[in-house]
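To start, the structure under review is shown below, and the notes come after it.
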Amino acid sequence: MGAGREEVKIDTSPVAFEKRENGYMKKSLLVAMEPTDRFNIVYFIMLLQGVGTLLPWNMFITAHAYFQEKLEGTQWHHSFENYFAIAAMGPNLVMFLVNILFKHKVPLQVRMLTSVCIMTLCFVVTTVLVVIDTTNWKPLFFYITIGTIVIINISSAVYQGGLFGICGMMPQRYTGAVMTGQGVGGTFAALASIFSILGGKDAMSSGFGYFMSAAVVLAICLVTYFMVQRLKFGSHFISPGHERKEIKFPHIPNTQIERLANWQAPASSKHGNYKCSALSLDNEALLSVNVSPGEIKTLTNERPPFLLVFRHIVKHGVSVASVFFVTLAAFPALTSRIQSVHKGDLSEWTNTYFVPVSCFLLFNVGDFCGRLAASFVQWPSRDGIMLPCLCFVRVAFLPLFAFCNALPRNNSSVYFSEDYYPIAFMVLFAISNGYLGSLCMMYGPSMVEAKHAETAGTMMAFMLIIGLAMGAGFSFFITWII
């Protein structure tokens, strides 16, 4: 690239060209210098941040045997996972809403770094509780654990909101990286559970390992987030000094523009014009326009147009909410109750490994594969109704799992009486969760102008949490009815 030339990223989405007056374009275009993500370092850091967002929750639900032992003899011995889900999703939902409404009031770095530090500290406290004998104060231990989950998920809402907001301003694959990282976190937790059993570790030793590893991963997330700010590609989106520019084009003829190219910057930001060529959709007209520095203004942290943004993302937002509603309604409160129908044969598979493998490991591996696949294949497209239909049809998994050998049962019967049924259902359930959820999250921010991409990304994460919260509440009904 020659001297005095700059590579510029232009927002050319259909939204950017929808307003026309008197035969001339009046819409502003957002312009921002976008450096290259060398060696995909930022991509892999975003993947690691995704691990950090979901690993805390996965460690709590994976430590099933630990909490059963800690709460043995209490009223929460069989139902603690339902209470954990409510304690996690309720505060998460409320804080996500607060984060959306007031995020422009608090700097991004403050929100991100404070939330990760609080989560790390909470996991240190949870790890300490593992080695303390709580036999004589089990109810207090339960309430402390619930309080810790509440604080962790309040912080997680701020953390995830900021993270998806950042990725919303980046290319789609960075949102895919976060979603894939969440799948990695779940798979890591499930494998940790299996290896703990294989190693003959008792529930207390396993719990210590789960919570300590979560604290370590969150600390690494904190360090790598600092690294992102020092990398040219990352600082372009999240550094405090980053300024996006808005350039007015009042005299471009009334034609649908497909792309803008050949930007030539002036030698000095205060003197000379930016020169641009615009290629029309039919490739017949090459248009030129000069833009003076006086027509360029820096965007400030103004209050985003929430209703306008929501109107553009509502289809994908409701779709992702439906995906995760079904997921949390069934997993893990219902699916962890499904026992092998051959449990009485005293084999290790049916008595020890069936639930950890068929429930937790299969779900997390399938979910990871689905999220990873979405980074390479995007079908259905973001337009049309195929994607919402596929998301809504997942509700069929609820009766399918309920009619497996889920114990204890009240009045309902077991219709799928072989072990391969819940395994087959879980594979489809997990892959569809990861793939469809990732597609929705990737498509959402692309439906708005670039200057609203952060708000759209945060709103999409909020809709995801709405689905999780509703699913957590519905899980009580599902487990009660069977």
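What the table below lists for this structure:
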item	result
F102 vs. criteria modelled with pLDDT under 90, surrounded by fewer than 16 Cβ atoms within 10 Å (Cβ to Cβ) and closer than 19 Å to L163 by Cβ	yes
Residue in the range 405-433 that is farthest from F376 (Cα to Cα), counting only those that are at pLDDT 95 or above and open to solvent by less than 20 Å² (accessible area, probe 1.4 Å)	P422
Qualifying residue in the range 389-404 (condition: touching a helix residue (DSSP H, G or I) at 6+ places or on another chain (Cβ under 8 Å) and within 30 Å of R303 (Cα to Cα))	no
Residue list for the range 130-145, restricted to those being part of a helix (DSSP H, G or I), in contact (Cβ under 8 Å) with a residue 12 or more places away in the chain and open to solvent by 20 Å² or more (accessible area, probe 1.4 Å)	K138, P139, I144
Single condition L439 does not satisfy, out of (1) at pLDDT 95 or above; (2) surrounded by 18 or more Cβ atoms within 10 Å (Cβ to Cβ); (3) more than 21 Å from the chain's Cα centre (by Cα); (4) not charged (D, E, K, R)	(3)
Among (1) modelled with pLDDT of 90 or more; (2) part of a helix (DSSP H, G or I); (3) farther than 30 Å from I481 by Cα; (4) open to solvent by 10 Å² or more (accessible area, probe 1.4 Å) - the single one S381 does not satisfy	(2)
Residue within the range 404-420 that is touching a residue at least 12 places away in the same chain (Cβ under 8 Å) and assigned to a helix (DSSP H, G or I) present	no
Count of the range 384-403 residues which are in contact (Cβ under 8 Å) with a residue 60 or more places away in the chain, open to solvent by less than 60 Å² (accessible area, probe 1.4 Å) and farther than 20 Å from F476 by Cα	3
Subset tally (residues that are polar (S, T, N, Q) and surrounded by fewer than 24 Cβ atoms within 10 Å (Cβ to Cβ)) for the range 165-180	1
Members of the range 298-341 found to be touching a residue at least 24 places away in the same chain (Cβ under 8 Å), within 26 Å of C389 (Cβ to Cβ) and among the basic types (K, R), listed by number	K315
Total residues in the range 193-221, condition in contact with a Phe, Trp or Tyr (Cβ under 6 Å, 6 or more places away or on another chain) and among the aliphatic types (A, V, I, L, M)	3
The range 194-220: number of residues that are within 15 Å of A65 (Cα to Cα) and under 23 Å from the mean Cα position of the chain (by Cα)	2
Any hit, the range 70-91, residues being under 18 Å from E454 (Cα atoms), at pLDDT 85 or above and open to solvent by less than 40 Å² (accessible area, probe 1.4 Å)	no
Residues located in the range 146-164, provided they are of a type outside the set (S, T, Y) and either modelled with pLDDT under 85 or open to solvent by 10 Å² or more (accessible area, probe 1.4 Å) (or both)	I146, G147, V150, I151, N153, I154, V158, Q160
Restricting the range 195-250 to residues that are open to solvent by less than 20 Å² (accessible area, probe 1.4 Å), assigned to a helix (DSSP H, G or I) and among the β-branched types (V, I, T), the residue that is modelled with the lowest pLDDT	I238
Residue among G344, G370 that alone is without any contact (Cβ under 8 Å) to a residue 60 or more places away in the chain and either part of a helix (DSSP H, G or I) or open to solvent by less than 10 Å² (accessible area, probe 1.4 Å) (or both)	G344
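The values are calculated or read from the model by the stated rules, or taken from the named source; none is laboratory data. No experiment lies behind these values; they were computed from the predicted model shown. Note that each Cβ is placed from the backbone with ideal geometry, even for glycine, and that neighbours are counted across all protein chains shown. When the accessible area is computed, the model is the full protein with side chains, heavy atoms only, and any ligands, DNA or RNA have been set aside. Shrake-Rupley method; radii C 1.70, N 1.55, O 1.52, S 1.80 Å.
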